[in-house]
Amino acid sequence: MKTYRIAVIAGDGIGQEVIPAGIEVLKVAASRGAFGCDFTEFSWGSEFYLRTGRMLDDDAFQQVMAFDAIYLGAIGDPRVPDHISARELILPFRQRLRQYVNLRPMRLLPGIASPLAGRTAADIDMVCVRENSEGEYCGMGGRLHVGTPDEIAEQTGVFTRRGIERIARYAFTLARSRPRKLLASATKSNALHHAMVLWDEVVAEVAGEFPDVTFRKYHVDALAARMITHPQTLDVIVASNLFGDILTDIGSAISGSLGVGPSGNINPDRTAPSMFEPIHGSAPDIAGKGIANPIAAIWAGAMMLDHLGERSAHDAILRTIERVIGDERVRTPDLGGRATTAEMTKAVTGLLAA
Ligand code: IPM
Ligand code: MG
């Protein structure tokens, strides 16, 4: 029997609640399929930082290399500045483990009400392929004359032909595999006339390899508006790191709840483990109450199985999530219900095992 070694970083806040829920579901999925999952927990995160002054062990990157995948909850704590918690944990993992694709499905599941009036599941079914290793998040820059009237901050964006080409190719390949075969590229070449003109040129070159995919570029502001006004016209979106960050929050919001959307930080070359996480954050306001929606984490776990080659287990979890949500009886408060995390998880594991 094949056994996958999974590094678990539940992290902060509701990460500690939704990741155990996801693990329960993964265990049921494994027992239905012909594979095993071996989970190893790491206590990295903000509590770890408050104890040790670091978000991670010094050799964290070497440690995780021994695993097939990483299952991450959420990182963020009101006692730790956000730029420390993100810059020292999530972003270095994405960059150092060459997870250059951030894959984010944005779907309105049947049974959930979108804040967009009159929209149903048929209207909102997109996936964002977000560049995850460079661009506006490259981390280069600095501050000078700190605290004086002459203070300067510089934050550089780095866009490479190689980086744009590989994310574009991934996005076109994904678009080709979907029924509508549409690809929208988010640009801003009217204002960012170095980086985004290169982006446009390289994406257009790659488009030439995919004549069967209908390709269009949009300035990111217009694309943001289009997601709200005409979501049914969008299928796959390819975007730079920052644009993808913003567009995927819009995508989760129109999908009815931040508690639903998953994401995969994927190293397509498989030279290091990929990392799967819910899009939502640590939600300190509801942490510890046992009412967090586990669906995003469960769905992220399903994406992890898909990446590991267990496509049918992924599909079974997705069908189960759709049935539980569609049934409308067991729902956490973010979806207008009164169920707890445990009750919602039990609804999923019960159906999945049946
Ligand atoms: C996300 C988050 C992160 C990002 C933060 C925590 C750095 O918003 O995963 O979308 O901007 O990528
Ligand atoms: Mg974000």
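The values are calculated or read from the model by the stated rules, or taken from the named source; none is laboratory data. These numbers come from a predicted model, not from an experiment. Backbone-built Cβ (ideal geometry, glycine too); neighbour counts: all protein chains shown. With ligands, DNA and RNA removed, areas are computed over all heavy atoms of the protein, side chains included. Shrake-Rupley method; radii C 1.70, N 1.55, O 1.52, S 1.80 Å.
Below are the figures for this structure:
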| item | result |
| --- | --- |
| Net dipole in debye of the chain [+1 Lys, Arg Cβ; -1 Asp, Glu Cβ; about Cα centre; nearest 20] | 920 |
| Accessible solvent surface per residue of the chain, calculated while the other protein chains remain in place, 1.4 angstrom probe, Å² | 43 |
| Candidate lysines for bridging to K188, where Cα separation is under 16 Å - those fewer than 8 sequence places away on the same chain excluded | K217 |
| Surface accessible to a 1.4 Å probe, E154 within the full protein complex, Å² | 110 |
| Farthest positive-ward along the chain dipole, Cα basis, beta-carbon charges - from Q95, I317, T345 | I317 |
| Surface share of carbon and sulfur [accessible, 1.4 angstrom probe, percent] for the chain | 53 |
| Principal axis dimensions, the stretch 114-255 - Cα atoms, whole angstrom, descending | 54, 38, 23 |
| Residue-count net charge about T3 - beta-carbon cut-off 10 Å; Lys, Arg +1, Asp, Glu -1 | 0 |
| ³J(HN,Hα), Karplus 6.51/-1.76/1.60, whole Hz, each residue of the stretch 104-112, x for Gly, Pro | 9, x, 10, 10, 8, 6, x, x, 9 |
| Net charge dipole size for the stretch 114-255 [Lys, Arg +1 and Asp, Glu -1 on Cβ; Debye, nearest 20] | 540 |
| Most to least accessible of H145, H280 (protein chains only, probe 1.4 Å) | H145, H280 |
| From phi via Karplus (6.51, -1.76, 1.60), per-residue ³J(HN,Hα) for the stretch 58-72 in Hz, x at Gly/Pro | 4, 9, 4, 5, 5, 4, 6, 4, 7, 10, 7, 6, 10, 10, 10 |
| All lysines inside 20 Å of K27 as judged from Cα atoms, apart from same-chain residues fewer than 8 positions distant | K2, K346 |
| Built amide H within the under 5 Å cut-off of I291, gap 5+ | T341 |
| Interatomic Cα distance distribution for the chain, bins of 20 angstrom, percent | 30, 60, 11, 0 |
